[in-house]
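Below is one structure, written out as structure tokens; comments come after it.
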Amino acid sequence: MSRWENALRKLEFDKVRQRVLRYAGSEPGRESLAAMSVMTSRADIVQALERVTEMKRLLEQDEPLPLEGVHPLGEALGKTAVEGMTLLPRELLHVSLLLKAARLTRGFAARRKENFPLIWQIAEPLRADKVLEFNIDHAVDEGGGIRPDASRELQAVRRSIADRYDDLRRRLAGILRSVAELGFSQDDIITTREGRMVIPVKAEHKHRVPGFIHSASASGATVFIEPTETLELNNEIRSLQFQEQREIGKILRDLTVQVGAARDDLAGDMEILAGLDDLQARAKYSIEILGVAPEMRDDGPLAVRGARHPLLLMSHGYDRTVPLDMDLGGEAVTLLISGPNAGGKSVAMKTIGLLVAMAQSGLHVPASPGTVMRVFRSCYVDIGDEQSIENDLSTFSSHLASLKEIDAGADRASLVLIDEIGAGTDPSEGGAIAAALLEELTRRDAVTIATTHQGALKVFAHETPGVSNGAMEFDPGTLTPTYRFRPGVPGSSYALEMASRLGFAPGLMERARERLGREHTRLETLIIELEEAAQKARRELAEAEGARRAGEDMAREYREKLSNLGAEMRDMKRKAADEAARIVADANAAIERSVREIRETNAAKDTVRRVREDVARLHEEIAAVERETQPERPVEGESFPPGSIVTIEGGTDAGEVLEVSTDGKIATVVFGAVRMRVPAANLHHSRKRPGAALRSVTDARTEKPDAVRQDLDIRGMTGEEALPLVDKFIDDAVLAGLGRIDIIHGKGTGALRKKVSEFLASHPRVRAFRLGEWNEGGTGATVVELTEQ
């Protein structure tokens, strides 16, 4: 841990820890999280991350663990080991609450052990001592007081005390009325002094009321007297009260002995429950940051995808925090990041360091799936101004001291982060020191990220094997940072451009460029032009990629529609032929009956012949329809020269062959607006012509109703209100041919999400469902895949 301690402080890891602490539900859980440390064993890290993943899944699909009422018991359990020590009622109440939490949590985990085996593995050793829990609950109430019926003896004593108090109040009330009638008292209130009931008497009449004076008012005008005739009754009450305390002491001693006998089990339960509370807090934090468990390796490169700085997430939110993609530790183990001030260089570097620290501490990281990290045994960080007046260290001296420590300790199992390397002194000398150190760290294979403004170091990174340049993107048009990381190229500081934009005199800026030197100016200009060209190329590539995907989606949709349409057309024709055959059969029977009647009535033979010809014609039409519904088979060895009109096996739409491969096995066919490459073995000649009629049928058969949306918003509804709407929405979506729909239920308490999940699990039209990704609404939405109609 000592190799990480200074790095964690400079990376502000404690702010992340404090954020996680907010989700702990108990003091033992918070103490466990406060002791969070960086692990250097890959097996331990992977196990910790897998447990967080499983707990997160439990929270998203089910309910939180029943951990309420867990209090620290270390001091109380320690008292049970000391002879003669007795636990207080509130301490016993905390023991009871711990036992209850252990019992409920173990049962909760046992009922879910098939789906959440890692949580069950943690909870299984919990000891549920129902006898001790019952004994404490029987004696101590929810407020930490002793129950009146904690024992028969206590119940009898308290009943006697209550009876004596009622008798005493009646007697004192009578005495007080007599004293008041004589004018000896100003108030008719019975009060208590030193545990004994007394009456107020005017000071000047205190000798006229026989009894014991306990005290006087602040003004001295009133004294409080215990009348002689109630002395004995007060004595009895006091005696019963002592007896009550002795019985309570006996009860507490007995319970203390029982707790002492279970001391080790209770300590184990408290540790397990604290660990589960710790784990649950980590899972809740992962839900907050849309975290993932990175793949952990002992060696090899890092691949960070969609990473966001945790502290920026807290202050700016997910959408306003720019994600970071970075690869490091493969061919290039050292990365030199350049770019303008306030462009995000230090943030990018600290993001990597902080996410590595989080993962090795068993926390999910705010990144995308596919993120890969490796285990570092040590981390060295040189960030910020460490100037010390006490030790007579300048900023640069402190910087050199940090670099010396890095040089002395960093190896291939180290992560090294250096901000503004070589700054704070003469640029040529500082750059030389920086280049020498980076070269040495690269030779040792220490994974290193450094930031700089120095042009010489950018050239060094370009020319040195194992070292690469990287830049934080800057918009040259607006002179504003985009905070996006671009690998492989250096970045310009844009100092002259920003000074010009701020209104510096043109003559002054020209002299500055002259002093800077022609070669340096050309280098900065080249970098700026390169960045502008790269940004333009990325925009054009993104547009081309979007067009390509749209074309592929259109072609795929057309092929699916074409295939489905062919099957549907054949099915429709077959059904029509069956129906026609049935109708003709009925008609034929009717005609035969008519023929019999005609013969019996000696009708003309021409009439009979005409009727039979009509029936034969109907049979021929039905046979023609049946032939059309049978799939055509390609003729073995058929050729399809360009211009051939063909159909695909299993389809009915006709297309035109544009070209054929040299071996004759693949043909390029155009169907309407879609061009397809099709194996020649799946084609056959057709007498049909490509036309609009079939396309209109295709459109009519596959068009989705305008009224059908792809998402349903049920936020704010109860389960009873929402489920009928979800059911109808699924039916409409299936009829419309939708393969996927989104149900927006919001996050809230999770009750509505659970109702929807239970309903979807049993719906015959639902093939699969899952919670949304971060860009699909997260846990506030459920993505549903539907079966085909």
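Considering only region 126-150, how many residues are of a type outside the set (A, V, I, L, M) and either open to solvent by less than 20 Å² (accessible area, probe 1.4 Å) or in a strand (DSSP E or B) (or both)? So that I can check it myself, show each step before the final result.
First, pick out the residues of region 126-150 that are of a type outside the set (A, V, I, L, M): 127, 129-130, 133-135, 137-138, 141-145, 147-149.
Among the residues that remain, those that are also either open to solvent by less than 20 Å² (accessible area, probe 1.4 Å) or in a strand (DSSP E or B) (or both) are: 133, 144.
Looking only at that region, the number is 2.
Within region 743-789, take every residue that is of a type in the set (Gly, Ala, Ser) and farther than 17 Å from Asp713 by Cα and give me the one that is surrounded by the most Cβ atoms within 10 Å (Cβ to Cβ).
Taking region 743-789 first, the residues of a type in the set (Gly, Ala, Ser) are 746, 748, 750-751, 757, 761-762, 768, 772, 777-778, 780-781.
Of the ones still in play, those that are also farther than 17 Å from Asp713 by Cα are 761-762, 768.
Values: Ala761: 9, Ser762: 7, Ala768: 11.
Only one residue fits best here, namely Ala768.
Quick check on region 219-245: of everything there that is among the β-branched types (Val, Ile, Thr) and either assigned to a helix (DSSP H, G or I) or buried (at least 20 other Cβ atoms within 10 Å of the Cβ) (or both), which residue is farthest from the chain's Cα centre (by Cα)?
At the first step, the residues of region 219-245 found to be among the β-branched types (Val, Ile, Thr) are 222-223, 225, 228, 230, 237.
Those still in the list that are either assigned to a helix (DSSP H, G or I) or buried (at least 20 other Cβ atoms within 10 Å of the Cβ) (or both) too: 223, 225, 228, 230, 237.
On the way: Val223: 70, Ile225: 70, Thr228: 75, Thr230: 71, Ile237: 63 Å.
If we take residues in region 219-245 being among the β-branched types (Val, Ile, Thr) and either assigned to a helix (DSSP H, G or I) or buried (at least 20 other Cβ atoms within 10 Å of the Cβ) (or both), then Thr228 is farthest from the chain's Cα centre (by Cα).
Determine which single condition Thr718 fails, assuming it passes every other condition in (1) touching a strand residue (DSSP E or B) at 6+ places or on another chain (Cβ under 9 Å); (2) in contact (Cβ under 8 Å) with a residue 12 or more places away in the chain; (3) under 20 Å from Asp62 (Cα atoms).
If we test Thr718 against (1) touching a strand residue (DSSP E or B) at 6+ places or on another chain (Cβ under 9 Å); (2) in contact (Cβ under 8 Å) with a residue 12 or more places away in the chain; (3) under 20 Å from Asp62 (Cα atoms), just (1) comes out false.
Would you confirm, using the coordinates I've provided, whether Lys100 is modelled with pLDDT of 95 or more, over 19 Å from Ala283 (Cα atoms), surrounded by fewer than 22 Cβ atoms within 10 Å (Cβ to Cβ) and out of contact with any Leu (no Cβ under 7 Å at 6 or more places or on another chain)?
Values: modelled with pLDDT of 95 or more: yes; over 19 Å from Ala283 (Cα atoms): yes; surrounded by fewer than 22 Cβ atoms within 10 Å (Cβ to Cβ): yes; out of contact with any Leu (no Cβ under 7 Å at 6 or more places or on another chain): yes.
Answer is yes for this residue.
Looking at this structure, is Ala262 open to solvent by 30 Å² or more (accessible area, probe 1.4 Å) and closer than 30 Å to Gly74 by Cβ? Full working, then the answer.
Values: open to solvent by 30 Å² or more (accessible area, probe 1.4 Å): no; closer than 30 Å to Gly74 by Cβ: yes.
So Ala262 does not fit the description; no.
Would you check if Val52 is touching a His at 6+ places or on another chain (Cβ under 8 Å), in a helix (DSSP H, G or I), closer than 27 Å to Cys379 by Cβ and hydrophobic (A, V, I, L, M, F, W, C)? Reasoning before the result, please.
Details: touching a His at 6+ places or on another chain (Cβ under 8 Å): yes; in a helix (DSSP H, G or I): yes; closer than 27 Å to Cys379 by Cβ: yes; hydrophobic (A, V, I, L, M, F, W, C): yes.
Judged against the criteria, Val52 is a match.
Can you name every one of the helices (runs of 4 or more DSSP H) wholly within region 61-124 that holds 3 or more residues which are under 18 Å from Asp137 (Cβ atoms)? Outline the logic, then answer.
On the way: elements: 74-80, 89-110, 117-123.
Counting at least 3 such residues, we get 89-110.
Which residues, taken from region 185-201, are open to solvent by 40 Å² or more (accessible area, probe 1.4 Å) and hydrophobic (A, V, I, L, M, F, W, C)?
Of everything in region 185-201, those that are open to solvent by 40 Å² or more (accessible area, probe 1.4 Å) and hydrophobic (A, V, I, L, M, F, W, C) turn out to be Ile189, Ile190.
Cβ-Cβ under 8 Å, sequence separation 6+ or interchain: first residue in region 8-25 and of a type in the set (Phe, Trp, Tyr), partner in a loop (DSSP other than H, G, I, E, B). Which pairs?
Matching pairs, first to second residue: Phe13/Ser361.
Working only within region 156-182, note down all residues that are surrounded by 14 or more Cβ atoms within 10 Å (Cβ to Cβ) and polar (S, T, N, Q).
Passing the criteria: only Ser160.
Failed condition for Thr321, given (1) open to solvent by less than 20 Å² (accessible area, probe 1.4 Å); (2) in a strand (DSSP E or B), with all others met?
(2)
Scan Leu354, Leu363, Leu335 and give me the residue that is assigned to a helix (DSSP H, G or I), open to solvent by less than 10 Å² (accessible area, probe 1.4 Å) and not aromatic (Phe, Trp, Tyr).
Leu354
Which one of these is in contact (Cβ under 8 Å) with a residue 24 or more places away in the chain and assigned to a loop (DSSP other than H, G, I, E, B): Gly430, Gly470, Gly424? It would help to see each step written out before you state the result.
Details: Gly430 fails: assigned to a loop (DSSP other than H, G, I, E, B); Gly470 fails: assigned to a loop (DSSP other than H, G, I, E, B).
When all the criteria are applied, what remains is Gly424.
State yes or no: is Leu738 farther than 27 Å from Glu557 by Cα, free of Cβ contacts under 8 Å to residues at least 60 places away in the same chain and not β-branched (Val, Ile, Thr)? Talk me through it step by step, then tell me what you get.
On the way: farther than 27 Å from Glu557 by Cα: no; free of Cβ contacts under 8 Å to residues at least 60 places away in the same chain: yes; not β-branched (Val, Ile, Thr): yes.
Considered against the rule, which asks whether it is farther than 27 Å from Glu557 by Cα, free of Cβ contacts under 8 Å to residues at least 60 places away in the same chain and not β-branched (Val, Ile, Thr), Leu738 comes out as no.
Can you name the number of the only condition in (1) over 28 Å from Arg19 (Cα atoms); (2) open to solvent by less than 10 Å² (accessible area, probe 1.4 Å) that Gly330 fails?
(2)
Please go through region 13-46 and give me each residue that is over 17 Å from the mean Cα position of the chain (by Cα) and surrounded by fewer than 15 Cβ atoms within 10 Å (Cβ to Cβ), ordered by number.
Those that are over 17 Å from the mean Cα position of the chain (by Cα) and surrounded by fewer than 15 Cβ atoms within 10 Å (Cβ to Cβ): Asp14, Lys15, Gln18, Glu27, Ala34, Ala35, Ser37, Ser41, Ala43, Asp44.
The values are calculated or read from the model by the stated rules, or taken from the named source; none is laboratory data. All figures in this text were calculated on a predicted structure; none of them were measured in a lab. Cβ coordinates were reconstructed from backbone atoms using ideal geometry, including for glycine residues, and neighbour counts include every protein chain displayed. All accessible areas refer to the heavy atoms of the entire protein, side chains included, with ligands and DNA or RNA removed. Shrake-Rupley method; radii C 1.70, N 1.55, O 1.52, S 1.80 Å.
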